[in-house]
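*Asks:* Before I ask anything, let me first share the structure, which is written out below as structure tokens.
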Amino acid sequence: MKFSIGYSIPKNQTLVLFAFESDTAPAGLPQKKALIQEAAALGFKGKENSAVVFNPKGASPSKLVILSGLGVKKNAGAETLRRATALAVKRVAALSQKSVSILLPQTMADLAREAQSIAEGAALAGYKFDKYISGKRDRGVTQGTLIIPKKTDAEVKKGLKLAQVFSEAVCFARDLVNEPPSRMTPIEFAKLALEVAQKGADSGVTIKILDKKKIEEMKMGAILGVNIGSNEPPVFIHMHYKPANAKKTVALVGKGITFDSGGLSLKPAESMETMKMDMAGAASILGVFKALPAIKPEVEIHGIMALTENMPGGKAYKPGDVLIAMNGKSIEVLNTDAEGRIILADALAYAAKLNPDCIIDLATLTGACVIALGSLVAGAMGNDDALFDDLNSASQSTGEQLWKLPLVKEYRDSLKSPIADLKNISSVRREAGSIIGGLFLQEFVDNKPWIHLDIAGPAWTDRELPYCKHGGTGFPTRTLLTYLLNIR
Ligand code: BES
Ligand code: ZN
Ligand code: ZN
């Protein structure tokens, strides 16, 4: 959705207004108490996730009004506004209207963030992956006008710009995840990465794409092992953004399994249904790189993405095989479905060699994380509390939730192998699966400050969320962008 700014309320366009519980007038319209009374007569109490649509009877700023609830004032934040806007915009879409105006409620201290939250909620709620549905496509609500006081112009414009860039990055990441797996192969992904890099060339973005031959030369035996059962060659992508004023270097590392069948440790049919999403970590990094030229954070960024299918072809790697990662560590493979940690072994070792100030990896790594934290929360593990705090504070403003899990060092013993440096699954079954995944990855970061985000739950949704209908969510693209912009 495209957003513009207006300074007065258009009479002939549906107007979205917000109100907290117990507000006596809509936020930003203190003189219009009658609107709250009319809404209350329709059952509106200002509760979160509630909205009413009505034609106001008395003197009204517009013909049709939607009042959307913000809940209890002291609990509200950016995410409240994002969701309340999304709900209102979905109502407008249900009325088959193409445009909407939204009154800036001025309930947040930071009006740039307020405008950003509103525009993100609106843009993300409208996303649909419908390219394979035949017939005429419904574009939904395509035009928004944010009604603001003139003096807030500069701040609001800043927020709207960020919202547009962030939303585009998220929708791009969602597209990558939603694309069917036989179409979004490692090579297709690499073509898109090349396009993103070319568009960012003037802003300091470069790219190296390592094909199978180069991956062999680099001795990335872990990625090659996972790839060998597939007919699609692997691709290793290293994107780089280097602004002149960079103070720090961050390496982002993404799991890019374009389809996870489980390999010979084959997944049951139902678990395989959504496994095109197993490249969501890499997709999110490509989303970040798409946004960089427009927001130019003052930080050097490496984007490292390891892409391959995990398939059970005739040559497939087998339980009992030993793979040697590029840093020389050997891995005994006992379950070919724990492939994410294997490809990340090479990717993290590669990242550590770049000597960044920190490494953040993103991976749909374990079903155990979905059991532990559900489908809305990512598990965060690592060796650096300050880095966690920075990511966590970004996550609190984006609404993309994280929860810290401990890397219990005693559990490391369960990864000991009698014939290799470590094995890829624990000898203790059904315990602390996500932590075990984190402990495995830790072996490859060379003690660099590092956080692992297990996004197996929130990268995908089967249920309709406030601003994501179904499929890839783009998690945690907005959090990464916010984190990168906050680095000083
Ligand atoms: N890609 C899966 C993890 C996953 C599960 C992501 C559900 C999203 C939703 C991963 O490669 C995997 O299969 N992990 C195994 C690890 C086990 C064999 C130690 C799992 O979670 O069962
Ligand atoms: Zn797997
Ligand atoms: Zn996987």
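*Asks:* Test each condition in (1) more than 16 Å from ligand 1 (Cβ to nearest atom); (2) touching a residue at least 40 places away in the same chain (Cβ under 8 Å); (3) hydrophobic (A, V, I, L, M, F, W, C) for Ala459 and report the one that comes out false.
*Replies:* Ala459 satisfies all of (1) more than 16 Å from ligand 1 (Cβ to nearest atom); (2) touching a residue at least 40 places away in the same chain (Cβ under 8 Å); (3) hydrophobic (A, V, I, L, M, F, W, C) except (1).
*Asks:* Residues of the stretch 294-308 being crowded, with 24+ Cβ neighbours inside 10 Å and out of contact with any helix residue (DSSP H, G or I) (no Cβ under 6 Å at 6 or more places or on another chain), which ones? Spell out the reasoning first.
*Replies:* Applying the first criterion (crowded, with 24+ Cβ neighbours inside 10 Å) to the stretch 294-308 yields 301, 303-308.
Once the filter is applied, which keeps residues that are crowded, with 24+ Cβ neighbours inside 10 Å and out of contact with any helix residue (DSSP H, G or I) (no Cβ under 6 Å at 6 or more places or on another chain), the stretch 294-308 yields only Ile301.
*Asks:* Okay, moving on. Filter the stretch 350-378 down to residues that are within 16 Å of ligand 2 (Cβ to nearest atom) and farther than 20 Å from Ile487 by Cβ, then give me how many there are.
*Replies:* Selection size over the stretch 350-378: 9.
Table: residues versus (1) more than 25 Å from Leu162 (Cβ to Cβ); (2) open to solvent by less than 90 Å² (accessible area, probe 1.4 Å).
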position	(1), (2)
Asp23	yes, yes
Ile36	yes, yes
Phe54	yes, yes
Lys57	yes, no
Val65	yes, yes
Asn75	no, no
Arg82	no, yes
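*Asks:* Can you report the number of residues in the stretch 406-439 which are part of a helix (DSSP H, G or I), surrounded by 11 or more Cβ atoms within 10 Å (Cβ to Cβ) and not small (Gly, Ala, Ser)? Lay out the reasoning, then the answer.
*Replies:* Going through the stretch 406-439, the residues part of a helix (DSSP H, G or I) turn out to be 409-415, 433-439.
Okay, now just the ones that are also surrounded by 11 or more Cβ atoms within 10 Å (Cβ to Cβ), so 411-415, 433-439.
The next check asks that each one be not small (Gly, Ala, Ser); those that pass are 411-413, 415, 435-436, 439.
Of the residues in that region, 7 qualify.
*Asks:* Kindly provide the set of residues from the stretch 245-262 that are within 16 Å of ligand 1 (Cβ to nearest atom) and either crowded, with 24+ Cβ neighbours inside 10 Å or modelled with pLDDT under 95 (or both), ordered by number.
*Replies:* Step one: filter the stretch 245-262 for residues within 16 Å of ligand 1 (Cβ to nearest atom), giving 253-262.
Listed by number, the residues that qualify are Val253, Gly254, Lys255, Gly256, Ile257, Thr258, Asp260, Ser261.
*Asks:* Out of Ile451, Ile436, I need the residue that is among the β-branched types (Val, Ile, Thr) and either over 30 Å from Asp175 (Cβ atoms) or at pLDDT below 95 (or both). Which one?
*Replies:* Working: Ile451 fails: either over 30 Å from Asp175 (Cβ atoms) or at pLDDT below 95 (or both).
Going through Ile451, Ile436 in turn, the sole match is Ile436.
*Asks:* Within the stretch 263-293, track down each residue that is open to solvent by less than 10 Å² (accessible area, probe 1.4 Å), within 13 Å of ligand 2 (Cβ to nearest atom) and more than 18 Å from Gly472 (Cα to Cα).
*Replies:* Gly263 - this is the single residue of the stretch 263-293 that is open to solvent by less than 10 Å² (accessible area, probe 1.4 Å), within 13 Å of ligand 2 (Cβ to nearest atom) and more than 18 Å from Gly472 (Cα to Cα).
*Asks:* So which residues in the stretch 333-346 are open to solvent by less than 20 Å² (accessible area, probe 1.4 Å), more than 12 Å from His452 (Cβ to Cβ) and not acidic (Asp, Glu), if there are any at all?
*Replies:* If the condition is that a residue be open to solvent by less than 20 Å² (accessible area, probe 1.4 Å), more than 12 Å from His452 (Cβ to Cβ) and not acidic (Asp, Glu), then Val333, Thr336, Ala338, Ile342, Ile343, Ala345 are the ones that fit.
*Asks:* A further question follows. Would you pick out the residues in the stretch 359-368 that are open to solvent by 10 Å² or more (accessible area, probe 1.4 Å) and outside any loop (DSSP other than H, G, I, E, B)?
*Replies:* Within the stretch 359-368, Gly367, Ala368 meet the criteria.
*Asks:* Six or more apart or on different chains, Cβ under 8 Å: which pairs go from a residue in the stretch 209-225 that's without any contact (Cβ under 8 Å) to a residue 40 or more places away in the chain to one that's open to solvent by less than 40 Å² (accessible area, probe 1.4 Å) and among the small types (Gly, Ala, Ser)? Could you list them?
*Replies:* Close Cβ pairs (under 8 Å, with a partner that is open to solvent by less than 40 Å² (accessible area, probe 1.4 Å) and among the small types (Gly, Ala, Ser)) amount to Ile209/Ala190; Ile209/Ala193.
*Asks:* Here's another thing I want to ask about it. All but one of (1) closer than 20 Å to His470 by Cα; (2) within 21 Å of the chain's Cα centre (by Cα) hold for Pro297, so report the exception by its number.
*Replies:* (1)
*Asks:* Being more than 12 Å from Pro186 (Cβ to Cβ) and within 14 Å of ligand 1 (Cβ to nearest atom) is true for just one of Met239, Met272, Met220. Which residue is that? Don't jump to the end; show me each part of the working.
*Replies:* Details: Met239 fails: within 14 Å of ligand 1 (Cβ to nearest atom); Met220 fails: within 14 Å of ligand 1 (Cβ to nearest atom).
Being more than 12 Å from Pro186 (Cβ to Cβ) and within 14 Å of ligand 1 (Cβ to nearest atom) holds for just one of Met239, Met272, Met220, which is Met272.
*Asks:* So, in the stretch 464-479, exactly how many residues are assigned to a strand (DSSP E or B), out of contact with any Ser or Thr (no Cβ under 6 Å at 6 or more places or on another chain) and surrounded by fewer than 24 Cβ atoms within 10 Å (Cβ to Cβ)?
*Replies:* Of the residues in the stretch 464-479, the ones assigned to a strand (DSSP E or B) are 465, 468, 471-472.
Imposing the further condition that a residue be out of contact with any Ser or Thr (no Cβ under 6 Å at 6 or more places or on another chain) reduces the set to 465, 471-472.
Adding the requirement that they be surrounded by fewer than 24 Cβ atoms within 10 Å (Cβ to Cβ) leaves 465, 471.
Residues meeting the conditions: 2.
*Asks:* Somewhere in the stretch 156-170, is a residue over 23 Å from Pro476 (Cβ atoms), surrounded by fewer than 18 Cβ atoms within 10 Å (Cβ to Cβ) and among the acidic types (Asp, Glu)? Full working, then the answer.
*Replies:* At the first step, the residues of the stretch 156-170 found to be over 23 Å from Pro476 (Cβ atoms) are 156-157.
The next check asks that each one be surrounded by fewer than 18 Cβ atoms within 10 Å (Cβ to Cβ); those that pass are 157.
After this cut, where a residue has to be among the acidic types (Asp, Glu) as well, the list is none.
The answer is no, given that none of the residues of the stretch 156-170 is over 23 Å from Pro476 (Cβ atoms), surrounded by fewer than 18 Cβ atoms within 10 Å (Cβ to Cβ) and among the acidic types (Asp, Glu).
*Asks:* When residues of the stretch 440-463 are filtered for being assigned to a helix (DSSP H, G or I) and either closer than 10 Å to Gly379 by Cα or open to solvent by less than 10 Å² (accessible area, probe 1.4 Å) (or both), how many remain? It would help to see each step written out before you state the result.
*Replies:* First pass over the stretch 440-463, keeping only residues assigned to a helix (DSSP H, G or I): 440-442.
When the remaining residues are screened for being either closer than 10 Å to Gly379 by Cα or open to solvent by less than 10 Å² (accessible area, probe 1.4 Å) (or both), the result is 440-441.
Here the count works out to 2.
*Asks:* While we're on this one: Going through Lys73, Lys136, Lys63 one at a time, which residue ends up being closer than 16 Å to Gln13 by Cα and basic (Lys, Arg)?
*Replies:* Lys63
*Asks:* Does Leu362 qualify as being under 17 Å from Asn424 (Cβ atoms) and out of contact with any Cys (no Cβ under 9 Å at 6 or more places or on another chain)?
*Replies:* On the way: under 17 Å from Asn424 (Cβ atoms): no; out of contact with any Cys (no Cβ under 9 Å at 6 or more places or on another chain): yes.
In short, no.
The values are calculated or read from the model by the stated rules, or taken from the named source; none is laboratory data. Worth saying up front: this structure is predicted, and the values here are computed from it rather than measured. As a convention, Cβ positions derive from the backbone with ideal geometry for all residues, glycine included, and neighbour counts pool all protein chains shown. For accessibility, only protein heavy atoms count, side chains too; no ligands or nucleic acids. Shrake-Rupley method; radii C 1.70, N 1.55, O 1.52, S 1.80 Å.
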